[in-house]
Amino acid sequence: MRKLPVKAILGEIQGVILLLLGASLSAVGYSVFQVPHNIAAGGVSGIAILVNHFTGWPVSAFYLAANVPLFVLGYFFLGRWRFLISTAFAVLIFSAATAWLNANLPLLLDSYPITENVLLSAIWGGLVSGIGSGLVYWAGSTMGGTAIIGRILQIKTGLSLSQIYLFVDGTIVLAAGVVFGWETALYSMLALLLAGIATDYVLEGPSRMRTATIITSNPEPVVAAMISELSRGASYWPVVGGYTGETRTIIVCTIYRPQVNDLKRILLRLDPTAFVTIGITQEALGQGFSDFSVRG
């Protein structure tokens with residue numbers, strides 16, 4: 001039997017830890033802040049709050065039961081065993097943690113919910129749940145529910161995931177507005193938006209890099225200065241201006257955000273007539289930056 005390399009084993013362990021932490025954190029944001037105030041911020045968890053209101057069915061039990069048929073759909077339409085197994089693991093953790101929290105929080109806390117301020121609950125519920133979801137996505141999994149539906153509909157219809165989530169989650173928030181009132185629906189929408197922002201932030205992190213595109217008539221001194229003063233390499237090649245027809249040189253380089261002003265000073269000194277665009281780069285991999293790695 002071929003042994004897995006140590007790096008692969010450590011990656012699997014990291015994935016399990018991220019799943020445990022992320023699903024548990026999502027359960028905290030959901031149970032502590034959203035459930036007590038009926039903040040149905042989309043997804044199966046939002047439907048669970050609506051079902052609980054009418055039937056008394058525990059939100060954790062409904063969340064788990066509703067995901068079972070979705071796993072079957074995912075098996076036939078997505079066909080990724082690793083994806084389905086890890087998602088089932090995340091759903092089980094979330095459901096178990098939610099059940100435990102809903103049963104024990106009123107006993108453990110002096111006052112439950114911890115705040116009567118619905119706005120605070122929407123903000124913290126969205127942020128905490130979003131951070132948890134981001135960790136789960138980082139592990140290469142999902143929290144199930146609308147994530148499975150969205151992926152299937154994307155494959156079948158060609159619509160973007162953002163469009164699908166907007167329709168599905170928007171419908172759930174509207175239903176919450178009809179049932180609990182439109183003020184609660186607005187809080188639910190706020191929690192949904194904040195959860196998306198927090199998830200993206202966990203997955204991508206703050207942007208620390210910038211990519212500069214420079215069109216110059218003096219490329220060699222500029223590149224030499226970048227190497228010596230910024231410790232950054234660059235690629236460059238000749239280009240022809242569409243308006244002037246003149247041949248100049250385009251330089252492309254990736255730098256850290258604090259180096260932007262240093263780059264401007266180099267250009268001001270060596271070629272003040274250069275044309276420069278500086279864009280945000282989410283991630284840079286390779287020599288001089290981060291090692292190549294895949295999250296999840």
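The values are calculated or read from the model by the stated rules, or taken from the named source; none is laboratory data. Predicted, not measured: the structure shown is a model, and the values here were computed from it. Here the Cβ is made from the backbone with ideal geometry for all residues, glycine too, and neighbour counts use every protein chain on show. Remember, those area values only see protein heavy atoms, side chains included, never the ligands or the DNA or RNA. Shrake-Rupley method; radii C 1.70, N 1.55, O 1.52, S 1.80 Å.
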Phe94 open to solvent by 20 Å² or more (accessible area, probe 1.4 Å) and either modelled with pLDDT of 90 or more or within 21 Å of Ile149 (Cα to Cα) (or both): no
Residue tally, condition surrounded by 13 or more Cβ atoms within 10 Å (Cβ to Cβ), free of Cβ contacts under 8 Å to residues at least 24 places away in the same chain and not in a loop (DSSP other than H, G, I, E, B), over the range 228-274: 2
Any hit, the range 147-157, residues being among the charged types (D, E, K, R), assigned to a helix (DSSP H, G or I) and either at positive phi or surrounded by 17 or more Cβ atoms within 10 Å (Cβ to Cβ) (or both): yes
Residues being under 20 Å from Gly126 (Cα atoms) and open to solvent by 50 Å² or more (accessible area, probe 1.4 Å) - total across the range 186-219: 11
Val223 being open to solvent by less than 50 Å² (accessible area, probe 1.4 Å), closer than 21 Å to Ile280 by Cα and either among the hydrophobic types (A, V, I, L, M, F, W, C) or without any contact (Cβ under 8 Å) to a residue 60 or more places away in the chain (or both): yes
Residue that is buried (at least 18 other Cβ atoms within 10 Å of the Cβ) and modelled with pLDDT under 85, where the choices are Gly46, Gly29, Gly74: Gly74
Boolean, Ala175 is open to solvent by less than 20 Å² (accessible area, probe 1.4 Å) and within 30 Å of Leu19 (Cβ to Cβ): no
Where Trp57 falls short, out of the listed (1) assigned to a helix (DSSP H, G or I); (2) over 22 Å from the mean Cα position of the chain (by Cα): (1)
Glu183, sole failed condition from (1) assigned to a strand (DSSP E or B); (2) open to solvent by 70 Å² or more (accessible area, probe 1.4 Å): (1)
Subset tally (residues that are open to solvent by 20 Å² or more (accessible area, probe 1.4 Å), hydrophobic (A, V, I, L, M, F, W, C) and not in a helix (DSSP H, G or I)) for the range 114-142: 1
Conditions (1) open to solvent by 30 Å² or more (accessible area, probe 1.4 Å); (2) touching a helix residue (DSSP H, G or I) at 6+ places or on another chain (Cβ under 7 Å); (3) not basic (Lys, Arg): number failed by Ala65: (2)
Single residue of the range 100-113 satisfying the filter (over 17 Å from His37 (Cα atoms) and of a type in the set (A, V, I, L, M, F, W, C)) that is surrounded by the most Cβ atoms within 10 Å (Cβ to Cβ): Trp100
Those residues of the range 275-296 which are β-branched (Val, Ile, Thr), open to solvent by 30 Å² or more (accessible area, probe 1.4 Å) and modelled with pLDDT under 85, in sequence order: Ile280, Val294
Criterion (part of a strand (DSSP E or B) and either of a type outside the set (Phe, Trp, Tyr) or out of contact with any helix residue (DSSP H, G or I) (no Cβ under 6 Å at 6 or more places or on another chain) (or both)) met by exactly one of Ala198, Ala224, Ala212: Ala212
